[in-house]
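Reviewing the structure listed below.
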Amino acid sequence: MTENAHADLVVIGGGMVGLAVAYEAASRGLRVTVIERDRVAAGAGHAAAGMLAPASEAEACDQALTDFALESCQRYPEFVARVERDSGLGCGYRKEGSLLVALNRDHAEELDRLAAFQRRFGLHVEMLSAAEILEREPAVSSKAVGGLFAPDDRQVDPRRLQKALVAGIRHRGGAIVQHARVTSVDTAGDRVTGVTFTRAGEQHETNAETVVLAAGAWIAGLPVAAARSLPMRPIKGQILRLRGQPIVSHVLRTPDVYIVPRESGELVVGATAEDLGFDERRTAGAAFELLREAFRLLPGIAELDVSEHTVGFRPALRDALPAIGPLGPRGLFAATGHYRHGVMLSPATAMLLADWIVDGTLSPLLAPFDPSRFALTASPVRGGMR
Ligand SMILES: Cc1cc2nc3c(=O)[nH]c(=O)nc-3n(C[C@H](O)[C@H](O)[C@H](O)COP(=O)(O)OP(=O)(O)OC[C@H]3O[C@@H](n4cnc5c(N)ncnc54)[C@H](O)[C@@H]3O)c2cc1C
């Protein structure tokens, strides 16, 4: 038997980006259904550190991506406040900024290069002496030779944010269907008409005029011809979580590692960037390298519990830029390819896509991320950084 339902918008994929898009659309009065093949919030967003750091990431971004990141970071406080109000849950949004630390001359040269990118993109950073770094974070290694302070960098806890988004979607009347397998995105003529999926052996159809594909690194596996035109590949990230008394309050980075402190005292230490397909192995070598570099930066980690070693798959398109906008038949949209910045870019992605879907307003900020660009060009792979 086939069960029928109706929605204004179906989002396929209940990860970081899909949940943000669904929440924003539901906030604007749309009837929203999220269809997730597994459990929601268990994709890359579950592994992610949650840095909202346009300045620290400047070298990995171009001007268009930096502009989009700045827009998203500007929207973050309002977005988080709304999600927290609707859900009654905190998201761990913190404003201490990032300290980028040089522990040797090679690091110092890398930070000089990063500072040049930051200046070019108009990002605000301050040069710090070793003494100024230790004044801000006394637990940092005494080997520090200098660094940069990015006061506008922020962080959020992606697990708490996604949990709050799920509650916010439900609060706004949205539906979330988990453990469902999408069998088709249905069309009539050149228009989308809905989605057919199976769950617990039963077939379901949800009619909808708009469908957003947000299946992250797995998007090419969807039963949609247009999705297969996206040159997607997973970039594996291994990341550790340590527990103990809080020893720092800023996000700390060297060119080799980052350490993100949570209010609870947890430290998130990341991350590898491996082009190995969907390889789920948690390797001793990765743990060793992450801990070695984290220890060089913050010797006090030696006393902490290693509580988790997680693998996540960043959704990376060939040009390392996201794909946000129409794709294929009318009413079908993509919101994917956020690679290493999906947590940071979620509010702008959700809000600007909702402007487009609900009001028909297209922000020029989205133009560089047109999903149809891959039909026209074949550019080389960029990025590969942490
Ligand atoms: C180690 C690591 C650290 C990171 N750190 C940061 C950071 O500090 N800051 C930052 O901004 N970003 C960070 N990222 C990147 C960020 O996590 C991703 O860009 C973001 O999660 C992408 O969101 P997404 O919704 O596209 O994909 P995901 O979060 O992976 O969600 C995709 C969802 O789609 C579901 N799905 C897949 N196939 C189907 C299907 N056929 N049907 C239905 N559902 C399906 C999946 O199960 C999953 O739930 C990090 C990533 C990793 C791995």
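The values are calculated or read from the model by the stated rules, or taken from the named source; none is laboratory data. None of these values were measured; they are calculated from a predicted model. Every residue, glycine among them, receives a Cβ derived from its backbone with ideal geometry; neighbour counts consider all protein chains shown.
Quick one: which strands (runs of 3 or more DSSP E) lie wholly within the stretch 1-108 and hold at least 3 residues that are farther than 21 Å from Gly312 by Cβ and of a type in the set (A, V, I, L, M)?
Answer list for the stretch 1-108: 98-102.
Does Arg172 satisfy the condition of being within 16 Å of the ligand (Cβ to nearest atom) and of a type outside the set (Phe, Trp, Tyr)?
no
Give the residues of the stretch 263-291 that are modelled with pLDDT of 95 or more, away from the ligand (no atom under 11 Å from the Cβ) and of a type in the set (D, E, K, R), sorted by residue number.
Glu266, Asp275, Asp279, Glu280, Arg281, Arg282, Glu289
So which of Arg113, Arg105, Arg94, Arg119 ends up being within 14 Å of Ala150 (Cα to Cα) and more than 14 Å from the ligand (Cβ to nearest atom)?
Result: Arg119 is the single residue among Arg113, Arg105, Arg94, Arg119 that is within 14 Å of Ala150 (Cα to Cα) and more than 14 Å from the ligand (Cβ to nearest atom).
Which of the strands (runs of 3 or more DSSP E) found entirely inside the stretch 292-348 contain at least 3 residues meeting this: over 12 Å from the mean Cα position of the chain (by Cα) and more than 13 Å from the ligand (Cβ to nearest atom)? Break it down stepwise before answering.
On the way: elements: 305-317, 323-326, 332-336.
So the answer is 305-317.
Pick from Ala271, Ala220, Ala284: which is farther than 29 Å from Val306 by Cα and of a type in the set (A, V, I, L, M)?
Ala220
Hey, could you check the stretch 262-314 for residues that are without any contact (Cβ under 8 Å) to a residue 24 or more places away in the chain and closer than 18 Å to Pro138 by Cα and say which is surrounded by the fewest Cβ atoms within 10 Å (Cβ to Cβ)?
Selected residue: Ala302.
Somewhere in the stretch 183-203, is a residue among the polar types (S, T, N, Q), part of a loop (DSSP other than H, G, I, E, B) and assigned by TED's automatic domain parsing to the domain that holds Gly331?
Scanning the stretch 183-203 turns up no residue that is among the polar types (S, T, N, Q), part of a loop (DSSP other than H, G, I, E, B) and assigned by TED's automatic domain parsing to the domain that holds Gly331.
Does Val260 meet the test of being in the same structural domain as Ala42 (by TED's automatic domain parsing), assigned to a strand (DSSP E or B), out of contact with any Pro (no Cβ under 8 Å at 6 or more places or on another chain) and hydrophobic (A, V, I, L, M, F, W, C)?
No, not satisfied.
All but one of (1) surrounded by fewer than 18 Cβ atoms within 10 Å (Cβ to Cβ); (2) in contact with a strand residue (DSSP E or B) (Cβ under 6 Å, 6 or more places away or on another chain); (3) of a type outside the set (A, V, I, L, M, F, W, C) hold for Asp153, so report the exception by its number.
That leaves (1) as the condition not met.
I want to confirm something. Restricting to the stretch 363-386 and keeping residues that are part of a loop (DSSP other than H, G, I, E, B) and modelled with pLDDT of 95 or more, which single residue is nearest to Arg82 (Cα to Cα)?
Ranking the candidates gives Ser363 first.
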